[in-house]
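Have a look at the structure below, then the notes.
The values are calculated or read from the model by the stated rules, or taken from the named source; none is laboratory data. Model, not experiment: these values are computed from the prediction. FYI the Cβ positions are ideal-geometry reconstructions off the backbone, even for glycines, and counts take in every protein chain you see. These area figures cover heavy atoms from the full protein model, side chains too; ligands, DNA and RNA do not enter into them. Shrake-Rupley method; radii C 1.70, N 1.55, O 1.52, S 1.80 Å.
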2 protein chains.
Amino acid sequence: MKAVRTIAELREHIQELKSSSDKKTVGLVPTMGYLHQGHASLIRAAKEKSDIVVVSIFVNPIQFGPGEDFETYPRDEQRDLAAAEGAGADLVFLPSVPVMYPKPTKTKIAVSDVTSGLCGASRPGHFDGVTTVVSKLFNIVQPDYAFFGMKDAQQVAVIQQMVFDLNINVQIIPCPIIREEDGLALSSRNVYLSQEERSQALVLSRSLRETKDALEQGRIRTAGQARDLLVSTISESKVAVIDYVEVVSFPELTSLENEARIMEQDESVLMALAVKFGKTRLIDNCLIQLKGE
Amino acid sequence: MKAVRTIAELREHIQELKSSSDKKTVGLVPTMGYLHQGHASLIRAAKEKSDIVVVSIFVNPIQFGPGEDFETYPRDEQRDLAAAEGAGADLVFLPSVPVMYPKPTKTKIAVSDVTSGLCGASRPGHFDGVTTVVSKLFNIVQPDYAFFGMKDAQQVAVIQQMVFDLNINVQIIPCPIIREEDGLALSSRNVYLSQEERSQALVLSRSLRETKDALEQGRIRTAGQARDLLVSTISESKVAVIDYVEVVSFPELTSLENEARIMEQDESVLMALAVKFGKTRLIDNCLIQLKGE
């Protein structure tokens, strides 16, 4: 595995790895580093599907709002390199901010509609920063496949929309959420949690699991009932402060009417949460696939 | 030469033309059709620099504002195909609106700063439409080079900014303005002009030429004097209605202070005009290259 820091080096190494055959496929796993088993599962999925696996590690300043955690976002380059290699990466791209933004970007890619709710509502400008940097990475790496975790389900929907609208020649592969044994969804931000907060945060996965069970067993049926059950379960934690609890179509992310029967929808339904524990905002979600996708 | 109407066909034919060697380069000439000698010069430049020349012909609805001439923009497919073939095109891509926009696009690419003045000020949203469709064409064709006429100098600056900011792997080749013998810059919109308007419109190229001469001969020196001379010359036409007369840096497109001495600038200076003759808005410009670019 090679670690490279400039665009020229990266392109050169990709060409080199491709040199035996231009038919070799490239899989890209874009990350902000501080890799955990969720990232490792993306890298393994990339390894399985592509000949050459590129992992990018870049904490992208333009997707953080004022007062968010850009400066304090956890970083550990040495551990990340070992983790990427262990999971099967061929190349790790670790650009500095000046490599990605030699001048402040005047160009932004903005996706409407799918960015208006959920995290888009709580984090204005966030998804413009995501689509802009992901588009840059796509142009730099020119991958055949790109792998994103469903933990950030809205991010997957936004990027798929961008790829569709701009005719980007890359296939987006969404990969399942990876959880700790006790249910906590893996996130680089979990390190911010105190022991007490971490234990309280289990209410997120539990609320999703219990609501899904209730829907599948027919104890509840509507989006309104699902929202109520999610909110009441989360509220059992005294320190949880709800940012949003939403039940939306996927990938359109249109809010379901309170009366809408979840298991009778024509398309997948996403139950999505953002909840603060102390200063740490966590997200989690559960996708109910209704068309056997 | 082949004419194709779908993205799949286009990609297939490009692959076919490349098949003998993946080292073959692709040159793209994006147009809105109704081809004239200006377009032909772009196609010839593309032919000289690239192995495979793709001409796209698409009147892009999202770059027209309400009340602009999207519906009436001149179209003549048969003549265009002959002109493209005559100039050396290998492939002509003529997508319909549903091919380019199977659903209304939710994704827009916006470039700030360089779009705020000149035509960007008169035509809000115009350049978002241009950058979005050009980015789509780049993703569809994946050219090594793309050729744009300097008649739309701001468009060249905006696209170069987008390519730089998004790390798009294409080299933009600006090509000189082509004029009629009497000086009128070629434009598909010239067909809108009555005989009288066409004759009045010669004031555009004349004002630029005379101002450039005056600067080179030292009869005038400053941006303010250049603006005054341009305005007074254009005003000799009784029917000319000025939209803008600007003297700006290129490619930054920052307005020069009135006192700034044009021939002593560190970078190129663009004198740019937009003037209406009857219902027809014409643009023209003159680039004063000061660094021997």
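Residues of segment B:110-160 being hydroxyl-bearing (Ser, Thr, Tyr) and modelled with pLDDT of 95 or more, which ones? Residues satisfying the conditions are B:Ser112, B:Thr115, B:Ser116, B:Thr131, B:Thr132, B:Ser135, B:Tyr145.
Scanning segment B:148-203 for residues that are of a type in the set (Phe, Trp, Tyr) and free of Cβ contacts under 8 Å to residues at least 12 places away in the same chain yields a single hit, B:Phe164.
Annotation: B:Val275 fulfils all but one of (1) under 17 Å from B:Gln154 (Cβ atoms); (2) more than 17 Å from the chain's Cα centre (by Cα); the unmet one is (2).
The C-beta contact set for segment A:126-138 (first residue within 7 Å of chain B (Cβ to nearest Cβ), second residue surrounded by fewer than 22 Cβ atoms within 10 Å (Cβ to Cβ) and modelled with pLDDT of 95 or more, distance under 6 angstrom, 6+ apart or interchain) comprises A:Lys136/B:Asn167.
For segment A:43-57, the condition of being within 12 Å of chain B (Cβ to nearest Cβ), under 25 Å from A:Ala272 (Cα atoms) and surrounded by 22 or more Cβ atoms within 10 Å (Cβ to Cβ) holds for none of the residues. Does at least one position in segment B:217-227 carry a residue that is in the same structural domain as B:Ala110 (by TED's automatic domain parsing), touching a residue at least 40 places away in the same chain (Cβ under 8 Å) and open to solvent by 50 Å² or more (accessible area, probe 1.4 Å)? Among the residues of segment B:217-227, not one is in the same structural domain as B:Ala110 (by TED's automatic domain parsing), touching a residue at least 40 places away in the same chain (Cβ under 8 Å) and open to solvent by 50 Å² or more (accessible area, probe 1.4 Å), which makes the answer no. Scanning segment B:3-30 for residues that are open to solvent by 10 Å² or more (accessible area, probe 1.4 Å) and within 20 Å of B:Asp76 (Cβ to Cβ) returns B:Ala3, B:Arg5, B:Pro30.
In segment B:14-30, the residues that are without any contact (Cβ under 8 Å) to a residue 12 or more places away in the chain reach residues that are open to solvent by 10 Å² or more (accessible area, probe 1.4 Å) with C-beta atoms within less than 6 angstrom, at least six apart or across chains, in these pairs: B:Asp22/A:Asp22. For the criterion of being over 19 Å from A:Ala146 (Cα atoms) and either in contact with a helix residue (DSSP H, G or I) (Cβ under 7 Å, 6 or more places away or on another chain) or among the aromatic types (Phe, Trp, Tyr) (or both), A:Phe70 passes. Say whether the condition of being on the phi < 0 side of the Ramachandran plot and within 9 Å of chain B (Cβ to nearest Cβ) is met by at least one residue in segment A:141-156. No - not one qualifying residue is present in segment A:141-156. Do we find that B:Ile159 is within 14 Å of chain A (Cβ to nearest Cβ), surrounded by 19 or more Cβ atoms within 10 Å (Cβ to Cβ), under 21 Å from the mean Cα position of the chain (by Cα) and in a loop (DSSP other than H, G, I, E, B) in this structure? It is false that B:Ile159 is within 14 Å of chain A (Cβ to nearest Cβ), surrounded by 19 or more Cβ atoms within 10 Å (Cβ to Cβ), under 21 Å from the mean Cα position of the chain (by Cα) and in a loop (DSSP other than H, G, I, E, B). With the condition kept exactly as written, say whether any residue in segment A:247-268 is in contact with a helix residue (DSSP H, G or I) (Cβ under 6 Å, 6 or more places away or on another chain) and touching a residue at least 60 places away in the same chain (Cβ under 8 Å). Among the residues of segment A:247-268, at least one is in contact with a helix residue (DSSP H, G or I) (Cβ under 6 Å, 6 or more places away or on another chain) and touching a residue at least 60 places away in the same chain (Cβ under 8 Å), which makes the answer yes.
Taking segment B:162-214 as the range and being assigned to a loop (DSSP other than H, G, I, E, B) and open to solvent by less than 50 Å² (accessible area, probe 1.4 Å) as the test, the residues that pass are B:Leu166, B:Asn167, B:Ile168, B:Val170, B:Ile177, B:Gly183, B:Leu184, B:Leu186, B:Ser187, B:Leu193, B:Ala201. Scanning segment A:74-96 for residues that are open to solvent by 20 Å² or more (accessible area, probe 1.4 Å) and either within 14 Å of chain B (Cβ to nearest Cβ) or not hydrophobic (A, V, I, L, M, F, W, C) (or both) gives A:Arg75, A:Asp76, A:Glu77, A:Gln78, A:Arg79, A:Glu85, A:Gly86, A:Asp90, A:Ser96. Within segment A:102-115, residues that are more than 7 Å from chain B (Cβ to nearest Cβ) have Cβ atoms under 9 Å from residues that are open to solvent by 40 Å² or more (accessible area, probe 1.4 Å) and not hydrophobic (A, V, I, L, M, F, W, C) in these pairs: A:Thr115/A:Asp128; A:Thr115/B:Lys106, counting only partners at least 6 apart in sequence or on another chain.
For A:Val241, the conditions (1) part of a helix (DSSP H, G or I); (2) loosely packed, with under 14 Cβ neighbours inside 10 Å all hold with the exception of (1).
Only residues that are among the small types (Gly, Ala, Ser), surrounded by fewer than 24 Cβ atoms within 10 Å (Cβ to Cβ) and under 26 Å from A:Gly183 (Cβ atoms) were counted across segment A:122-156, and they come to 2. Quickly run through segment A:177-189 and pick out the residues that are of a type outside the set (Asp, Glu) and either within 14 Å of chain B (Cβ to nearest Cβ) or out of contact with any strand residue (DSSP E or B) (no Cβ under 8 Å at 6 or more places or on another chain) (or both). Matches in segment A:177-189: A:Gly183, A:Leu184, A:Ser188.
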